[in-house]
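Working notes, beginning with the structure itself.
Just so it is clear, none of the values below were taken in a lab; they were calculated from the coordinates. As the structure is a computational prediction, the values presented were derived from the model and not from experiment. A quick note on method: Cβ atoms are made from the backbone with ideal geometry, for glycine too, and the neighbour counts reach across all protein chains shown.
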Amino acid sequence: MSDTLILGIETSCDDTAAAVVKNGHEVLSDVLHTQEAVHAPYGGVVPEFASRVHLETVDSVVREAITQANVQLAHLHAIAVTQGPGLIGSLLVGLSFGKALAYATNIPLIGVHHLEGHLFSARLGTTKIPFPHIALLVSGGHTNLYAVQSYEHYEQIGRTLDDAAGEAFDKGAKMLGLGYPGGPLIERLAQSGDPNKAPFPLPYPSKQSFDFSFSGIKTALRYFLQSSHEHHPDTTPADIAAGYQTSIIQVLMQKTIHAAAYYDISDIIVVGGVAANSLLRATMREHATTHQFRLYFPELRYCTDNGAMIASAGWNSYKHRIFSPLNTEPFAKQRFRENQIHCPQKEPQLDFHHMS
């Protein structure tokens, strides 16, 4: 079988990214233009600014990806581009560029669901991940659990009911006066803190659901900060960051481990921007080992939004000859496609007490 080269373009939020990937896993190039400096003064992504910067940079980022891969446009088998979900203005820039490039070169276009891209990020490199597996997708905009029978066969078994974990980190960092992006800043500050000095309740530790909810822990942080000088005079900002981070990580770990046990699935992948968090990685590895599950993370550079994961997901669509018409439109919100897999028909009764 001949090699398949896919160009991936990602502009769903505030990073402009492009990559060329061979055979779905071998990354030949990976180019990223970050907008952190643009949005940092505002404590979050400003959609109008994001789309404007994408418009200014997408051409040069794609050109650099093709140059680094040492390929010609004519060598590409397909152009995969994020179709959604995300910021509609940002998506429109990337998808319009991808459609124009596909039209000009007569190369097939593949619209990729952003979440499916993240699920493919764990296979970039040489790691082969068995099926079925449990997937925790945890990022700034999404916190979902999937039972994955194959890359054509997903079942969403849990989701966030309000804020995503990454959003909780960003908003928590803003309350702590740390800046943006919040996740890495809280992680860095927490390294010198003691979580036991600022304990927070687990956010939505329901024993009847694999769903998540992080709005309550943000409220708990706000109240803690308002009363910290009076009721917690010995706590430092580092202690508060450590307690806040630990609470979020614990519930992510517990629900993921219990999902694997409930569905009797031995393999777990953790993907998305929050998958780069060192405490999440260490906590998941500890409990996966204890409960005899195999655990897989993407390389750190593939946790956050990137073009390689879009190209990898595009490769899977290319294999099945699934292409997109040139009138394909972006979508800001759309539920990820789901297919039911066979699983026990019973309500989950989850015992979290021994997991902490």
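Overview of results
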| quantity | calculated |
| --- | --- |
| Extension reserve of the residue 59-residue 230 stretch, reckoned as 0.36 nm per residue once the Cα distance is removed | 56.1 nm |
| Descending Cα extents along the principal axes, the range 224-316, whole Å | 56, 33, 16 |
| Size-normalised alpha-carbon gyration radius of the range 60-207, reference 2.2 N^0.38 Å | 1.33 |
| Acute angle (nearest 10 degrees) that the helix 47-69 long axis makes with the longest principal axis of the chain, alpha-carbon atoms | 60 degrees |
| Mean residue ellipticity (222 nm) of the chain, computed from DSSP H runs ≥ 4 via -39,500 (n - 2.57), nearest 500 | -13000 deg cm²/dmol |
| DSSP bridge pairs, the chain: antiparallel proportion in percent, nearest 5 | 60 percent |
| Top positive-direction residue, dipole computed over the range 149-260 with Cβ charges, set 212, 258, 227 | 227 |
| Gap separating the Cα centres of the range 242-313 and the range 162-221, nearest whole Å | 16 Å |
| Compactness of the chain as Cα Rg over 2.2 N^0.38 Å, two decimals | 1.00 |
| 22 Å Cα cut-off, lysine pairs counted over the chain (separation 8 or more, or different chains) | 17 |
| In nm, spacing of pseudo-spin labels at residue 191 and residue 88 (7 Å Cα→C-beta vector) | 4.1 nm |
| Spacing of the two label points (7 Å from each Cα toward its C-beta) at residue 40 and residue 300, in nm | 1.8 nm |
| Cβ charges +1 (Lys, Arg) and -1 (Asp, Glu), total dipole of the range 57-173, debye | 300 debye |
| Rounded to 10°, Cα long-axis angle of helix 215-231 versus longest principal axis of the chain | 40 degrees |
| Gaussian network model of the chain, Cα within-10 Å springs - most flexible of 79, 249, 129 | 129 |
| Length-normalised contact order of the chain in % [C-alpha pairs under 8 Å, at least 6 apart] | 25 percent |
| Residue 75 paired with residue 323, simple spin-label distance in nm, labels 7 Å along Cα-to-beta-carbon | 2.1 nm |
| Cα long-axis angle, helix 237-262 against the chain (0 to 90 degrees, to the nearest 10) | 70 degrees |
